[in-house]
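Enquirer: Questions regarding the structure given below will be posed in turn.
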Amino acid sequence: MKKHMMAGVAGILAGTLITTQFAGPLIAQEAEKTTNVYEQLDLFGDVFERIRAQYVEPVDEEALIESAIDGMLSSLDPHSSYLSPKDAAAMQVQTSGSFGGLGIEVTQEEGFVKVVAPMDGTPADIAGVEAGDFITHVDGESVLGMNLDETVELMRGPVGSEIIITVVREGVDEPFDISIVRDTIKLTAVRSRVEGKSVVLRVTTFNEQTYPNLEDGLKEGIEELDGIDNVDGVVIDLRNNPGGLLDQAIMVSDAFLNEGEIVSTRGRLADDSQRVTAAVGDLAQGKPIVILINGGSASASEIVAGALQDHHRAIVVGTKSFGKGSVQTVMQLRSHGAMRLTTARYYTPSGRSIQALGISPDIVVEQPPRQPEADTATEETAPRFRSEADLRGALDNDSLTEDEITKIEEERAAADEAAKLRDEDFQLAYALDLLRGLSKIRD
């Protein structure tokens, strides 16, 4: 017993000795770091005073400090930034679903502004701006060397005023100009419609209206089809959706899951990490789901696609998503401004981070470029092949009743109508075809 006690004491003494040996240098290192930080702050103060006193023209001291803060934040990653009081107020308005502007979500890449996605029905979308476009000039002024906030500020202006942006687009040899008239952006977060026997939910953004809009839209679609039994499935269209509020992405995912993890976030400290799980309740009542994504699907869109894909609740169709797997927290500052700081990464239920990788679709379907109208064959010019029924004296089909024949003709007409959609939106037509096929298997 005494030996065990002595061993314990020896262990404690040894631990004390080791701690004593290493604590001194560690404390010295921390003190040195603190000293260096204060020296750098003194250096900042020195530079600030010299600019204020000796710059060739008088400077706006407040703007100078704000620019320094923004430079510090934007040097961390493309999504951290300083928000002036005006910008902070504008952001709060934007998340509520109505704001002024062009209607594009942008990020910064290689010194230029890159379009993440134009929002449906906004001036930028109507003018022809596409996800992946690089904006090089605004009204003839180069944005090279500007930070993201400076470029965004350059694109702002009164509602009704015109702006000309110069765009570089993959597959187009030369840069070209796009004229856009600024307008008040009033976003409907979710638009719903019925296509055949499927409900299509077009989710354009994740703001405070998203989940209520989605719930109402799905309910209306089911009622239009006279009940869930007549529904083949649901298409959730997340193409060109740049994301938005994390809690809305969680609610939309939870709407179609009965259990399991939706998303986890991991910050720098263990206390900053959290896991969110689904509650019982599936708005689609187990019906098949197809999610559409493309390179303009980012952030909250990727959370939804990743959650439903990992749980095998949905088939993801389209092209690889944008790959924004980080969480930004908006922190209010004493100046009534705010800072947007990246505080965590998020992970799908299987534990994968999609940062810079994106969500890979289960079925890759490219959206073919639209053909000029002159090249599109009309019903009059398209060749029509003769069938047995067209032949003079063809025998009647005696194995089917009139009602059965009528039903076949109705199904054929519905298939023909669906085929027309391929010219307008090939990816959506593919999703609807997939749901029809799945419903046949389930039946």
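The values are calculated or read from the model by the stated rules, or taken from the named source; none is laboratory data. Note that this is a predicted model, so its numbers are computed, not measured. We work out accessible area using only protein heavy atoms, side chains counted, and drop any ligands, DNA or RNA first. Shrake-Rupley method; radii C 1.70, N 1.55, O 1.52, S 1.80 Å.
Enquirer: Accessible area, 1.4 Å probe, largest first: how do Y346, Y38, Y211 sort?
Expert: Largest accessible area first, the list is Y38, Y211, Y346.
Enquirer: In region 248-357, carbon and sulfur make up what percent of the accessible area (probe 1.4 Å)?
Expert: 51
Enquirer: Could you order Y82, Y430 by accessible surface area, starting with the largest, using a probe radius of 1.4 Å?
Expert: Order by accessible area, largest first: Y430, Y82.
Enquirer: More than 28 angstrom separation, counting every C-alpha pair in region 100-252; what % is that?
Expert: It works out to 31 percent of all Cα pairs.
Enquirer: Under a 1.4 Å probe, what is the accessible area of region 90-194 per residue, stated in Å²?
Expert: 49
Enquirer: Which number comes out as Rg/Rh for region 199-336 once both Rg and the Kirkwood Rh are worked out on C-alpha atoms?
Expert: Expressed as Rg/Rh, it is 1.00.
Enquirer: For region 80-208, which whole-number percentage of the solvent-accessible area (1.4 Å probe, protein heavy atoms only) is attributable to carbon and sulfur atoms?
Expert: Whole-percent figure for carbon plus sulfur exposure: 50.
Enquirer: Taking every alpha carbon pair in region 91-179, what does the distance histogram look like in 5 angstrom bins from 0, in percent?
Expert: Percent of pairs per bin, in order: 3, 14, 26, 29, 19, 8, 2, 0.
Enquirer: Let me ask something additional. Can you tell me which aspartates and glutamates have their Cα less than 20 Å from the Cα of K219? Leave out same-chain residues fewer than eight positions away.
Expert: By straight Cα distance, K219 reaches E195, E208, D229, D232, D237, D254, D282.
Enquirer: Roughly how many Å² is the accessible area per residue of region 202-299, as a whole number, for a 1.4 Å probe?
Expert: That works out to 42 Å² for each residue.
Enquirer: Could you give the C-alpha radius of gyration of region 133-195 expressed as a fraction of 2.2 N^0.38 Å, taking N as the number of residues it contains?
Expert: Taking the Cα Rg and dividing by 2.2 N^0.38 Å, one obtains 1.41.
Enquirer: While we're on this one: Quick one: Kirkwood hydrodynamic radius for region 191-253, alpha-carbon pairs, angstrom, one decimal?
Expert: Result for region 191-253, one decimal place: 12.0 Å.
Enquirer: Please compare each pair in K287/K420; K197/K324; K407/K440; K287/K320; K114/K320 to a cut-off of 22 Å on the Cα-Cα distance and tell me which ones are over it.
Expert: K287/K420; K197/K324; K287/K320
Enquirer: Still on this structure, I have one more. Does region 112-162 come out rounded, prolate or oblate, given a ≥ b ≥ c as the square roots of the eigenvalues of its C-alpha gyration tensor, rounded meaning a/c under 1.5 and, failing that, prolate meaning a/b above b/c?
Expert: It is oblate, given that a/c is not under 1.5 and a/b is not larger than b/c.
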